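Visitor: Have a look at this one before I ask anything.
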Amino acid sequence: MPGADRREMQEKGALNHTADKEQNPFSGERNHDEKLSRPEKKLQEAICVLLVELCERFTFFGIVCNMILFCTVNLGYRNYQAAIVNMCFVGTSTLTPVLLGWLAQCLVGRIKLVCISMALHFLGTALLPVVSFPFEDIYIDRRHILHPLTKREQKIVFYFALLTASLGIGGIRAIVCPLSAYNLEDCGPKELLSFFNWFYWLVNLNSAVVFVSISYIQQSVARNLGFLLPFVSGLMAVITIHMVRGEMIYEPKTDSSLLITFGVIASALRTCCLRSRYFPAAVGNWLDRAKENYGGQYSEIQVEGTKSLTRLFPLFTFQILYRTCMMQIPSGYYLQTMNSNLHFSGFALPVAAMNVISIVPLLILVPVLECINLYLFSSKDTGRSPTIYIVVGQLSAALSVMVAGFSEIHRKHFPQVEQRLSEEVLLVSSMPCFHLAPQYILLGVAEALVTPSCALLSFWLVSERIRGISMHFLALFNGAGCFMGAFFVLTAHAGTQGNWFPHLLHEGKLERFFFFLASLMMVNTLGFWTIAHRYNNLHPDCINELRGSFPGEKLLKHEKAIKRYGTVLESPPILSPMEKT
């Protein structure tokens, strides 16, 4: 009998193993992964996620870096139209991770959506070289040439390529390399700020390489040689397939979602209307009416998590105009550089190479900020907030746009000369493009101060179960800033009949657009400064008011602490990556 029972258990185990293989068709490397120790598996996952992140950013910046030049020279767009297309593409690529993350969680499934996203990404990056390929230069024989695409066909293929590429970018960012995949749950504010600083440092280092290399290839050496982008996209697909086969795709917790958050807000508003009309009752917060004991349909944990998130909405709102200022680098600043003298010691600089000047301050400031953070988080009794970084960064952004206005006035004082860009001869100012460096440097300083600090506050000041939702909302507001920048450009061009955002810069008043944006940014900075005290203390005992303190959350933390204590007793201690450094 014991032998029969053992044989039956073995048969059940074999059946379960076969069922697991049927559920995951990419589990061919499972046996190999089981041989790896837990630290080795984590290290392999981190390397793969980082490589996918870098490949995705490489293709993204490769598309953005010379889009305005392509739209104006190849497609015949006016300056404001090219700027709007560029900002809308960046905004769409910022918003699609939120949408596709929800689709993966609720409708399609993560593995299927990964495959679809990789296919869309490769299709979009492969179609972009087709749009710019010089069909008219390819001879079949002495009499016939390949027929080029018409302008209308070029625009259709171009927009379709941008749409598919942005959808692919969204799926990759949301599923393969979300911030949750870096295991930041147990990090304190000091480690989180250090992570965000070095994460954005690495991303910007990658973008600097792209702006110098890809822009030079597209503009000077071989402007139609854009096949490097689909190659990088294919490499990213290979790494992603390896992650799928090795079961390295991060699986987030399913106890919270954007639908629940919006549902809590809608339920609270609906219940508030009914209560105030028929039988009003006093509650501590208007969102409490979404709780089940107040007539709503959501649990206390879900409502308290939404309450902690809504307290960050003022922080998110003041990031919209800041992101609009940052979008001047690929739009207004790019146009200024394109209409300046790009020749330096007999060498023609690519237009997008000036973006590197805005990246250099970030690459230099991150090590300096790390030293400052040692003092900022040195005391165990207080956890000071980096809100001062955000205030100084937004002030730097306002000064940058103001300096851009004065630089535009200065640029018009120089005589015009002819300059060849992308096989086209343009009439530009003879002012050296390096005179525009101060405005790029100020925006680089702003990005180094604002983005990591805002990511830290968005991640740390909410409960653990909705941190991913908080980062999604931050992305939503950043995307709104991109579209607001496009709206400002369209409004300024239409309202002034092209005077504030002209096609020929020497005939218009682009500086007035910059001064208008700088004044708005100054007001935005003062507004954030008045509410910055709400996020000043990051000590765990002081942020319960922001996160929300309720019995369910405390019970979950208590169970997690017991489970963590048990794992420490069972296994030898392993230093985290932050502790090793």
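Visitor: Can you flag which of Lys42/Lys307; Lys42/Lys291; Lys155/Lys509; Lys42/Lys112 are past 31 Å Cα-Cα?
Guide: Details: Lys42/Lys307 34 Å; Lys42/Lys291 39 Å; Lys155/Lys509 29 Å; Lys42/Lys112 23 Å.
Beyond 31 Å between Cα atoms: Lys42/Lys307; Lys42/Lys291.
Visitor: Taking a label point 7 Å from the Cα of Arg270 along the Cα→Cβ vector, which residues of segment 295-328 have an amide N closer than 16 Å to it?
Guide: Taking a point 7 Å out along Cα→Cβ of Arg270, the residues of segment 295-328 whose backbone N falls under 16 Å are 295-299, 303.
Visitor: Separate question: I want to check the label-to-label distance for Ala494 and Ile388. Put each point 7 Å from Cα in the C-beta direction and report it in nm to one decimal.
Guide: 4.4
Visitor: Any idea what the dipole of segment 402-522 comes to, in debye rounded to 20, about its Cα centre with Lys/Arg Cβ at +1 and Asp/Glu Cβ at -1? Can you show the working numbers first?
Guide: Numbers: 7 positive and 8 negative charges, 61 e Å.
Value, rounded to 20: 300 debye.
Visitor: Then there's this: Could you state how much accessible area Lys42 has, in square angstrom rounded to the nearest 10, with a 1.4 Å probe and all protein chains kept in place?
Guide: Around 80 Å² of this residue is reachable by solvent.
Visitor: By how many nm would the segment from Arg152 to Thr530 lengthen if fully extended, with 0.36 nm per residue of separation less the alpha-carbon distance?
Guide: Details: separation 378, 0.36 × 378 = 136.08 nm, distance 5.03 nm.
Full-extension gain reported as 131.1 nm.
Visitor: OK, next. Heavy atoms only, 1.4 Å probe, whole protein assembly: order Ile111, Ile357 by accessible area, highest first. Please list the in-between numbers first.
Guide: Working: Ile111 60, Ile357 35 Å².
These residues rank, largest area first, as Ile111, Ile357.
Visitor: A further question on this structure: When ranked by the protection proxy of mean other Cβ atoms within 10 Å per residue, highest first, what sequence do the peptides 430-439, 296-305 form? Could the numbers behind the result be given before it?
Guide: Details: 430-439: 18.7, 296-305: 21.0.
Per-residue Cβ counts within 10 Å, averaged per peptide and sorted highest first, yield 296-305, 430-439.
Visitor: Around Trp102, what is the net charge, scoring Lys/Arg as +1 and Asp/Glu as -1 over all other residues with Cβ under 14 Å from its Cβ? Intermediate results must be reported in sequence, preceding the final value.
Guide: Numbers: positive: Arg110, Arg173; negative: none.
Taking every other residue near Trp102 into account, the sum is +2.
Visitor: Excluding ligands, DNA and RNA, what is the solvent-accessible area per residue of segment 414-516 at a probe of 1.4 Å, expressed in Å²?
Guide: Values: 3830 Å² over 103 residues.
Result: 37 Å² of accessible area for each residue.
Visitor: What is the spin-label model distance, in nm, from Phe487 to Ser519 if the labels are put 7 Å beyond Cα along the C-beta direction?
Guide: 1.9
Visitor: Now, a different point. Figure the gain on full extension for Leu75 and Glu292 (residue separation times 0.36 nm, minus the Cα-Cα span) and round it to one decimal in nm.
Guide: Values: separation 217, 0.36 × 217 = 78.12 nm, distance 5.70 nm.
Answer, rounded to one decimal: 72.4 nm.
Visitor: Could you check the spin-label model distance between His503 and Trp102? Points 7 Å from the Cα along Cα→Cβ, value in nm.
Guide: Result for the modelled spin labels: 3.9 nm.
Visitor: Tell me, what is the FRET efficiency for Val130 and Lys42 to the nearest 0.05, using R0 = 60 angstrom and their Cβ-Cβ distance as r? Kindly include the intermediate steps, with their values, before the conclusion.
Guide: Details: r = 41 Å, r/R0 = 0.68.
That pair, Val130 with Lys42, gives E of 0.90.
Visitor: What's the FRET efficiency of Phe344 with Ile409 using the Cβ-Cβ distance as r and R₀ = 25 Å, to the nearest 0.05? Working shown, then result.
Guide: Working: r = 23 Å, r/R0 = 0.92.
Result of the calculation: an efficiency of 0.65.
Visitor: Enumerate the amide H contacts of Arg420 below 5 Å, restricted to partners 5 or more residues apart or on another chain; note that Pro and chain-start residues carry no placed amide H.
Guide: Hits under the 5 Å cutoff: Leu426.
Visitor: Can you list the HN-Hα couplings for segment 438-454, worked out from phi with the Karplus curve (6.51, -1.76, 1.60; θ = phi - 60°), rounded to whole Hz and with x for Gly and Pro?
Guide: x, 5, 5, 5, 5, 5, x, 5, 4, 5, 5, 8, 7, 4, x, 5, 5
Visitor: Please give the contour-minus-distance gain from Leu163 to Phe313: 0.36 nm per residue of separation, less the Cα-Cα distance, rounded to one decimal in nm. Before the final figure, lay out the partial values.
Guide: Numbers: separation 150, 0.36 × 150 = 54.00 nm, distance 2.90 nm.
Length difference between fully extended and current span is 51.1 nm.
The values are calculated or read from the model by the stated rules, or taken from the named source; none is laboratory data. Just so you know, these numbers come straight off a predicted model, no measurement behind them. All Cβ positions, even for glycine, are placed from backbone atoms using ideal geometry, and neighbour counts span all protein chains on display. When the accessible area is computed, the model is the full protein with side chains, heavy atoms only, and any ligands, DNA or RNA have been set aside. Shrake-Rupley method; radii C 1.70, N 1.55, O 1.52, S 1.80 Å.
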